[in-house]
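Working notes for the structure below.
Readers should treat all values here as calculations from the given coordinates under stated rules, not as data from a laboratory. Bear in mind that the values here come from a model prediction, so they are computed numbers and not experimental data. Glycine also receives a Cβ, built like all others from the backbone with ideal geometry; neighbour counts cover every protein chain displayed.
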DNA sequence: GCCGTTTTCGGCCCGACTGTTTTCAGTCG
């Protein structure tokens, strides 16, 4: 049973947690495991394969001889001696206590030593019996906060889709900007980096009167709990369960504060080390050489002062962007305005809400020059999928509309279902009449990895498939991605000239940023597609573009940045290749 | 435990806030 990158990451994270709980005195040893885990999770290559091929793991970053040996041990046995030993030493149940606010390794250890608490249940019981506040380092307030956190944990998930975050964010920014003492309120944090889900909102307010802003902030109607409140910083929880961290800074420090508050933590650490190496100090107030402040008003000034180009927020994950910023090799990221069209949309012929015409006009209103109509195929009964006759009629209808409409072209397409064995849900002679075929999985998500991979590889080999739709089938916060060997799929897509979709529905964002980066490196074009089921949902493209930017994609890496004339050969390339090879009749 | 414009040994990001304390450790971002 080959392990996945997530398994190696989990093992190292667990080692780090257990080392902390065990009272490891060298914090840098713990940090080494966490850093290696983070690098592995953003790798975009299959670690088990790298290990099997005896490749140099040093390239992952943060992995030396010792950690490399542990990875090989884990690959071979599923675990390693150190992990086993630590699990034996540290009571099970202590690691999950680390996830509670206010409980770190020190207090978790203390709880176990004094009250023999070794699970959340035991902790809850002790807290509600009032036994906690007698423990050194604990008091009544911490006791009740822990109790609340355990109960809240049971009812709420703690990450949010970007769209849900935005619904909370916009009115709150409005409220903050309406405070007279506010110069400007802006969003930072993982939302600004457009991570696919966010755990909280980080908001930065510039003002020369922090106290006044703080007083007004905590009066915001939607606040359920105030977790912390200081002179320049506060944390609250909104009614929907979303945490908001607010920071007030002087206007002339906005740049440094934005860098600091946008993160990621890993990126911040990386750039602070660079500052330090040059004899400077970087914090949320500015860049300092000795006592002298040399930068901080703008983000550009902060990066420039330590010899870096400004890094777009989406790239700030310490995945190579710092080195790229140092050497002038940052990619020019794709922008929403670069998209010339959209290659995945539905109408009311299947499960969409709007008509062909409305979808066409909606796309045109957004400045798009083409829109592929890709309704579902017959197999997806629940979506009223099209059979051969209905699809043939839709093709004629699109021809009529195209003759009538200007400044927008509809492409004739389908989102054809991938059957369990990798065959498609519509006959080849019909698919051959279409401009574009998006093939997607909507069933049998649970196949074993080898079988699922073979299923998808078969699809990529199909002569009429232009794009693999939402390749992993994941639904954020709901459904895990299918078990797939993405490295092989990307390699095959490259070989066959097939494109991969970055589905822009905020609950999909599929492929993710790491896989899109791997696709780019393999030379596979990515289709940023709305998968809109209504005219309004064409706006999904914004979310997809953000993930593409996180992946470091440029305009040239994205299929649908091309004008329509350049699109045809890319959609039909493999048919041409196969015709050249004589495998298909002209 | 990693790693090197400085270093093969000695560094390893930096500051705010809380709670429990009477000066600071632990936690968090």
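Output the relative contact order of region A:242-335, whole-number percent, from Cα pairs under 8 angstrom with separation of 6+ residues.
Contact order relative to length: 27 percent.
Please work out, to two decimal places, the log10 of the ratio I(q)/I(0) at q = 0.12 Å⁻¹ from a Debye calculation in which every Cα of region A:118-201 carries one identical scatterer.
-0.60
Using only the alpha-carbon atoms of region A:469-569 as identical scatterers, what base-10 log of I(q)/I(0) does the Debye formula give at q = 0.22 Å⁻¹?
-1.19
Once both labels are modelled 7 Å past Cα along the beta-carbon direction, what's the residue A:10-residue A:461 spacing in nm?
If labels sit at residue A:10 and residue A:461, their model points lie 3.2 nm apart.
What is the helix-to-structure angle for A:449-461, meaning the angle in degrees between its Cα long axis and the longest Cα principal axis of chain A, kept from 0 to 90 and rounded to the nearest 10?
That works out to roughly 40 degrees.
Send over the per residue convex hull volume for chain A, Cα only, as a whole number of Å³.
Enclosed volume per residue, from the Cα hull, is 181 Å³.
At 1.567 mPa s and 4 °C, plugging the Kirkwood radius over alpha-carbon pairs of region A:336-580 into Stokes-Einstein gives what diffusion coefficient in µm²/s?
74
What is the extension gain from residue A:285 to residue A:231, computed as 0.36 nm multiplied by their sequence separation minus the C-alpha to C-alpha distance, in nm to one decimal?
17.9 nm
So how tilted is helix A:486-496 from the main axis of chain A? Cα-based, degrees 0 to 90, rounded to 10.
The answer is roughly 30 degrees.
Restricting to DSSP H runs of at least four residues, report the calculated mean residue ellipticity at 222 nm for chain A, -39500 (n - 2.57) per run over all residues, nearest 500 deg cm²/dmol.
So the calculated ellipticity at 222 nm is -13000 deg cm²/dmol.
Give me the extension gain from residue A:294 to residue A:447: residue separation times 0.36 nm, minus the current Cα-Cα distance, reported in nm with one decimal.
Full-extension gain reported as 49.3 nm.
Pairs of Cα atoms under 8 Å, at least six residues apart: use those to get the relative contact order of region A:5-155, whole percent.
21
Could you work out the relative contact order of chain A? I mean the mean sequence separation of Cα pairs under 8 Å and 6+ apart, divided by the number of residues, in percent.
It rounds to 9 percent for chain A.
Quick one: what does P(r) look like for region A:5-155 with 5 Å bins over all Cα pairs, in whole %?
Once binned at 5 Å, the Cα pair distances of region A:5-155 give 2, 9, 18, 19, 14, 12, 11, 8, 5, 3, 1, 0.
Angle, helix A:162-177 long axis vs. longest principal axis of chain A, Cα atoms, 0 to 90°, nearest 10?
60
Want the number for residue A:28 to residue A:89: 0.36 nm per residue separation, take away the alpha-carbon distance, what's left?
19.9 nm
Can you tell me the FRET efficiency between residue A:327 and residue A:269 if r is taken as the Cβ-Cβ distance and R0 is 22 Å, rounded to the nearest 0.05?
With R0 = 22 Å, the Cβ-Cβ based efficiency is 0.65.
For region A:18-61, what mean projected area does the convex hull of the alpha carbons give, in nm²?
3.6
At 7 Å along Cα-to-Cβ for each site, give me the label-to-label distance between residue A:402 and residue A:212 in nm.
Label at residue A:402, label at residue A:212, 6.1 nm between them.
In units of 2.2 N^0.38 Å, what is the alpha-carbon radius of gyration of region A:188-278?
Ratio of Rg to 2.2 N^0.38 Å for region A:188-278: 1.17.
I need the peptides A:393-403, A:457-467 ranked by packing, meaning the mean over residues of other C-beta atoms within 10 angstrom, with the highest value on top.
Highest to lowest by the protection proxy: A:457-467, A:393-403.
Percentage of Cα-Cα pair distances in region A:211-357 greater than 26 Å, rounded to whole percent?
Cα-Cα pairs of region A:211-357 separated by over 26 Å account for 48 percent.
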